[in-house]
Every structure is written in structure tokens, then in C-alpha cells.
Amino acid sequence: MLTSRIIPCLDTDAGRVVKGVRFQALRDCGDPAELAARYQQQGADELVVLDVSATVQGRGHRLDTIRAIRATLGIPLCVGGGVRCADDAAALLEAGADKVAVNSAAVAAPDLLTAMAARFGSQAVVLAIDARACEGHYVVHTHAGRTGTPRDAVAWAREGGERGAGEILLTSMDRDGTGDGYELPLLAAARAATSVPVIASGGARTTEHLAAALRAGADAVLVASMLHDGRTTVAELKRQLSASDLAIRP
């Protein structure tokens, strides 16, 4: 039986970890290298680091932040934010990332996913999708949620996998930071649409939220606020999920 992953997420801005609600009102949550080391010690399976201001500011990811995190980390690291071309992805991989997440640039030029997969392998390519509910379906947003597009999120997840993405990082903008739980209909629709792993993101506050996402078809769950605020630990989440008869990595 395949096991599910628990993945802490560090949204970063100006070299610090930040967290907001629906991508707004960001608050400081600490040093990224320190939090990365803490979550690894707690038993995190992987770590995701997203520079939330890089694309908006028209710059690449802060490589110094990634090098500092990599120096403390022995688990897989996925990095996103400011990836405009395959060379940007190469720089992140050289700095210590194992996977690179791309959102806005892939929406603008979908062939970027194919080019990245051909150069680095699909296992290193993650399509990040920021989705918001709109008139009965979910639409893709880019530039840290600031720009809406006509693209359907579920159809884009399917296309992304077909173009070479090895995983889909699927974030509900409506649920992000709210603690209301993941957007289960979105997860279920994406799971039905693609064969590549889907990572649920946005809205987790309780173990029950994580369990519901995994049962809805997510292969992994992203967690942020509940860890940053000290409400729980990765080890405790794993213990409770395992007790719920879910297959969780030890």
C-alpha cells in the first residue's frame, strides 16, 4: 500500500517565513532554516518552500535562503516562486532543491513543463496550481493569487501531468489560512482528472482535515499555520492519522 506524506510548507518573503489568510495579511513566522530543521526533526517527509513575492516583484527565488535550508535538511526539498524558465529551475536545483514548483510561467507558456521534464526529469517538476471557486468550477490564479485567468484548474491539472509534471501542488485560495479544511470537491475532481500525485494545500487546522483530504484522493497534505503556531507537531499528526487507519509514512 502506498503511504501518504505530511509536508510542511514555508512561504517566504525577504528571507523570512510568512503566513496569511487567502494570500493576504502576511505575518512573520520565523527563520526558514530553523523551521526546516525543526520540522525535519519532528518527522516531516518532505518540505516545500515558496517565495511568495518573487514573481510579483519580477525576480528569481532567493538562492541564499535555499542554500541555508539545504544545509540543515536531509529530506526532499521542493522550491517554488520566481521560476520563469528552465534555467531558473536549474539554479534552484543547484542550490539544493530536489523538485521545482512552477505556476505563473507555466500558465503563460505550458511548454515550459515539457522543457523542464525533458531536462531534469518529471520527478523534479511540480505544477503548482492556485485555484479559486467561480460559478461552479475552479479557476487558476497566478502571480501569488493576484491575477485571475480563464483556465479551469482541474483541466489544467490534467494537462500539466500530460505535459510532464510529476506532481500537482493544488492550493485552494478560498481555504488558505482559514482553518476551515481543504477544498475536498476540488481535490476529488483533480484526483479523477490526473494520474500523477496530488498534494492538497490550503485550510488545514485539525487532523480530521488532513484525514478528509487523504480520503478524498490526495497523495500528500501540505501543512503550515498549524505547525508554525505550535498547535501540533508533525509527529503528533502522523500518530493520529495512523490511528485512523490511514497509511502514513513512519
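No value in this document is a laboratory result; all are computed from the given coordinates. Predicted model, so just to flag it, every value in this text is computed and none were measured. As a convention, Cβ positions derive from the backbone with ideal geometry for all residues, glycine included, and neighbour counts pool all protein chains shown.
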### Message
Given R₀ = 22 Å, what would the calculated FRET efficiency be for Arg249 paired with Ala37, taking r from the Cβ atoms and rounding to 0.05?
### Response
0.70
### Task
Mind checking the range 121-225 for GluC sites (Glu not before Pro) that DSSP puts in a loop (not H, G, I, E or B) and that have at most 14 other Cβ atoms within 10 Å?
Glu135
### Task
Please identify which residues in the range 143-187 have an amide N closer than 16 Å to a label point set 7 Å out from the Cα of Ala108, following the Cα→Cβ vector.
143-150
### Summary
The alpha-carbon center of the range 101-117 and that of the range 56-71 are separated, in whole Å, by 19
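If you keep only loop residues by DSSP, which trypsin sites (Lys or Arg not before Pro) in the range 146-196 have at most 15 other Cβ atoms within 10 Å of their Cβ?
Numbers: sites: Arg146, Arg151, Arg158, Arg163, Arg175, Arg191; in loops: Arg146, Arg175.
Here the sparse-neighbourhood loop sites are Arg146.
When only C-alpha pairs under 8 Å and at least 6 residues apart count, what is the relative contact order of the chain, in percent? Walk me through the intermediate numbers first.
Working: 556 pairs, mean separation 47.6, N = 250.
Computed over the chain, the figure is 19 percent.
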### Query
In which sequence would Val49, Val107, Val17 go, from the one with the fewest C-beta neighbours within 10 Å to the one with the most?
Val107, Val17, Val49
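Hey, how much of the P(r) for the range 26-137 falls beyond 20 Å, as a percent of Cα pairs?
42
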### Stretch gain in nm, segment Ala118-Glu162, where the contour uses 0.36 nm per residue and the Cα spacing is subtracted
14.6 nm
### Task
Treating the Cα atoms of the chain as identical point scatterers in vacuum, please give the log10 of the normalised Debye intensity I(q)/I(0) at q = 0.07, 0.10, 0.14 Å⁻¹, two decimals.
-0.19, -0.41, -0.85
